[in-house]
Every structure is written in C-alpha cells, then in structure tokens.
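Visitor: The structure follows.
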Amino acid sequence: MADYTNTKKNVLDEGPFYHGTKAELKDGDLLFPGFTSNYGSGKTAKFIYFTATMDAAIWGAELAQGESKGRIYLVEPAGDFENDPNLTDKRFPGNPTRSYRTEGALRVLGEVKGFQGHSEEDLERMRSHLRELKNQGIEAINE
C-alpha cells in the first residue's frame with residue numbers, strides 16, 4: 001500500500017489548502033495527476049494544483065471546465081509540493097496567490113460551503129483574458 005502522508009520536507013506553506021473544481025468529491029477521496037486537465041486544451045495533467053487562498057480556489061472552481069456548479073474542497077497534500085510556476089515569479093514576484101502543485105496526491109478533507117463567487121463582470125473579464133491568451137498560443141497551464 002502506498003504511503004500518502006505529507007513528509008513535511010521543505011514545507012512551503014502550512015495551509016490550510018483548497019482545491020477549486022466542478023467535480024463532486026467526498027471526504028477521504030484522493031486526487032491524483034494523470035487525468036485530463038480542467039483547464040486549457042484538456043491535456044493530461046502532470047500535476048494537481050491547489051492554493052492557500054480562497055480567492056484563488058474560487059477562480060479554480062469558477063473557471064474549471066464543465067457545466068456543474070463550482071466547488072471548493074479543503075485538501076491536504078499527501079507528499080512534497082512546489083510553487084506553481086504558472087502564477088509565480090514570471091507573472092508575479094514570489095507567490096502572492098499562495099498557489100502550489102504536486103505530482104503526488106491531494107486528500108479531500110471536506111467541502112467549503114457558502115463561498116461568495118466573483119461577479120459576472122469579473123468572470124467575463126477573466127474568460128476574455130484567457131481567450132486572448134489561447135489565441136496567442138499560450139496555455140493557461142504550462143507543465
């Protein structure tokens with residue numbers, strides 16, 4: 001049986017951590033990379049992404065592909081993780097969004113209920129920006 005405990009080696013952030021998605025999950029579920037990404041052109045995801053800010057988790061829930069409602073889960077990385085290079089250094093110095101990725105698993109600890117989503121205007125601005133990037137050949141997720 002695989003060991004899914006966080007080793008706490010080189011811990012970048014103590015959390016709590018969140019994962020925004022449109023998938024319906026339950027407590028104890030393990031999320032693994034290797035499936036179709038919820039973002040961009042739907043390539044196979046090498047990493048699973050998560051954040052320590054509710055705002056970034058809300059964006060993840062709202063922008064994930066699919067017609068289901070956006071959901072946010074409290075998660076725990078089950079191994080080592082690193083800063084998400086899609087949102088750090090090249091775009092924002094440091095890691096102000098406290099966004100991370102792992103090649104390991106995320107364990108679902110529970111669902112966050114009652115969060116306030118972004119306005120329709122903000123959502124349309126973000127979707128428009130993502131369409132512009134796509135037209136330029138830039139993927140939202142760069143693995």
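Visitor: Which residues, counting only those in region 47-79, are among the charged types (D, E, K, R) and under 18 Å from Asp29 (Cα atoms)?
Guide: Taking region 47-79 and keeping what is among the charged types (D, E, K, R), we get 55, 62, 67, 69, 71, 76.
Residues satisfying the conditions are Arg71, Glu76.
Matching residues to (1) within 15 Å of Val75 (Cα to Cα); (2) out of contact with any helix residue (DSSP H, G or I) (no Cβ under 8 Å at 6 or more places or on another chain); (3) assigned to a loop (DSSP other than H, G, I, E, B); (4) modelled with pLDDT under 85:
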residue	(1), (2), (3), (4)
Ala2	no, yes, yes, yes
Asn6	yes, yes, yes, yes
Gly15	yes, yes, yes, no
His19	yes, no, no, no
Lys26	yes, yes, yes, no
Pro33	yes, yes, yes, no
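Yes or no, residue by residue, for (1) out of contact with any strand residue (DSSP E or B) (no Cβ under 9 Å at 6 or more places or on another chain); (2) more than 22 Å from Phe32 (Cα to Cα); (3) modelled with pLDDT of 90 or more:
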| residue | (1), (2), (3) |
| --- | --- |
| Lys113 | no, yes, yes |
| Glu120 | yes, yes, yes |
| Arg125 | yes, yes, yes |
| Gly137 | yes, yes, no |
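Visitor: Looking at region 117-133 only, could you name the residues that are in a helix (DSSP H, G or I), touching a residue at least 12 places away in the same chain (Cβ under 8 Å) and either under 17 Å from Leu87 (Cβ atoms) or touching a Cys at 6+ places or on another chain (Cβ under 8 Å) (or both)? Walk me through how you get there before you give the answer.
Guide: Keep residues of region 117-133 that are in a helix (DSSP H, G or I), which gives 120-133.
Now drop any that are not touching a residue at least 12 places away in the same chain (Cβ under 8 Å), which leaves 123, 126-127, 130.
Across region 117-133, the qualifying residues are Met126, Leu130.
The values are calculated or read from the model by the stated rules, or taken from the named source; none is laboratory data. Note that this is a predicted model, so its numbers are computed, not measured. With ideal geometry, Cβ positions are generated from the backbone for all residues, glycine too; neighbour counts draw on all protein chains shown.
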